[in-house]
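The values are calculated or read from the model by the stated rules, or taken from the named source; none is laboratory data. Small disclaimer: the values here were computed from a predicted structure and weren't measured. When we count neighbours, we look across all protein chains shown, and the Cβ atoms used for this are built from the backbone with ideal geometry, even at glycine.
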Ligand SMILES: NC(=O)c1ccc[n+]([C@@H]2O[C@H](COP(=O)([O-])OP(=O)(O)OC[C@H]3O[C@@H](n4cnc5c(N)ncnc54)[C@H](OP(=O)(O)O)[C@@H]3O)[C@@H](O)[C@H]2O)c1
């Protein structure tokens with residue numbers, strides 16, 4: 001259980017990444033609302049997660065708009081395709097919130113995965129541009145949904161890199177990372193570095209395919225208290 005807990009909404013909470021992070025956040029004692037374009041779909045996803053969670057850590061399913069408006073922290077766990085419209089539509093609901101983006105704009109062709117060019121630089125920067133009254137932080141780009149939904153207590157061998165321009169919001173997200181790895185997230189710098197972090201996931205997916213694994217990132221050379 002983390003010392004400070006948050007209420008966290010997950011936009012696109014019916015997908016593997018949203019569910020995986022929701023599962024980890026709920027296990028750590030945060031109050032979690034899965035969002036969806038269909039509240040019924042979100043409730044079904046919540047029911048499935050709740051079968052793995054104690055009753056006092058149960059997650060709820062709702063609409064994306066409610067998941068955005070009733071929580072202090074909101075995770076965008078939606079595909080890049082449709083991102084602009086979705087985020088713009090939630091602008092008022094997300095005002096004043098810490099918004100985490102784990103969105104990776106990736107393409108796939110016969111040579112494998114690759115990072116798509118993004119006119120705003122990155123998905124996280126696009127979100128920041130569309131949400132002038134929110135505090136956007138990039139994180140969780142490199143954590144596999146399969147690992148998140150697995151049985152390991154923590155993903156102890158992995159680091160989560162966190163980027164953002166609002167130091168306090170970034171600090172909150174670094175603390176939330178404890179739910180996933182068991183230790184604080186790595187401050188990876190300014191939000192614009194999402195331009196490097198998001199497409200790096202294409203490399204991990206390529207490694208996964210070659211080695212039949214679910215790879216993640218670990219940063220050496222850091223001294224961190226757990
Ligand atoms: N999967 C991973 O291992 C992984 C790892 C790191 C980062 N990520 C990133 O996390 C994000 C989510 O990944 P995912 O694999 O969970 O994605 P996904 O399954 O393709 O989509 C997640 C949810 O988004 C909603 N959605 C789909 N298309 C949409 C659209 N056009 N507009 C609005 N909502 C839409 C759907 O929920 P409803 O239909 O219920 O609304 C869907 O269940 C992606 O940006 C991905 O790059 C994924």
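Evaluate segment 87-98: report whether one residue or more is closer than 22 Å to residue 22 by Cα, part of a loop (DSSP other than H, G, I, E, B) and touching a helix residue (DSSP H, G or I) at 6+ places or on another chain (Cβ under 6 Å). Yes: segment 87-98 contains one or more residues that are closer than 22 Å to residue 22 by Cα, part of a loop (DSSP other than H, G, I, E, B) and touching a helix residue (DSSP H, G or I) at 6+ places or on another chain (Cβ under 6 Å). The single condition from (1) touching a helix residue (DSSP H, G or I) at 6+ places or on another chain (Cβ under 7 Å); (2) within 14 Å of the ligand (Cβ to nearest atom); (3) over 19 Å from residue 176 (Cβ atoms) that residue 68 fails is (3). Here 136, 219 are screened, and the one residue that is farther than 19 Å from residue 79 by Cβ, at pLDDT 95 or above and not in a helix (DSSP H, G or I) is 219.
Within segment 27-47, track down each residue that is within 18 Å of residue 6 (Cα to Cα), away from the ligand (no atom under 12 Å from the Cβ) and touching a strand residue (DSSP E or B) at 6+ places or on another chain (Cβ under 8 Å). Correct list: 30, 31, 32, 33. The residues on offer are 71, 50, 81, and the sole one that is on the phi < 0 side of the Ramachandran plot and modelled with pLDDT under 95 is 71. Residues in segment 181-196 that are assigned to a helix (DSSP H, G or I) and touching a strand residue (DSSP E or B) at 6+ places or on another chain (Cβ under 6 Å): 191, 193, 194. Checking each residue in segment 1-31 for being part of a strand (DSSP E or B) and either under 10 Å from the mean Cα position of the chain (by Cα) or free of Cβ contacts under 8 Å to residues at least 12 places away in the same chain (or both) picks out 10, 11.
Take segment 141-158 and flag every residue that is within 14 Å of the ligand (Cβ to nearest atom) and assigned to a loop (DSSP other than H, G, I, E, B).
Within segment 141-158, 141, 142, 143, 144, 149, 150, 155, 158 meet the criteria.
Residues of segment 76-116 that are away from the ligand (no atom under 12 Å from the Cβ) and closer than 15 Å to residue 201 by Cβ: 112, 114.
Taken over segment 48-61, the criterion of being more than 14 Å from the ligand (Cβ to nearest atom), part of a helix (DSSP H, G or I) and more than 10 Å from residue 26 (Cα to Cα) is satisfied by 55 alone.
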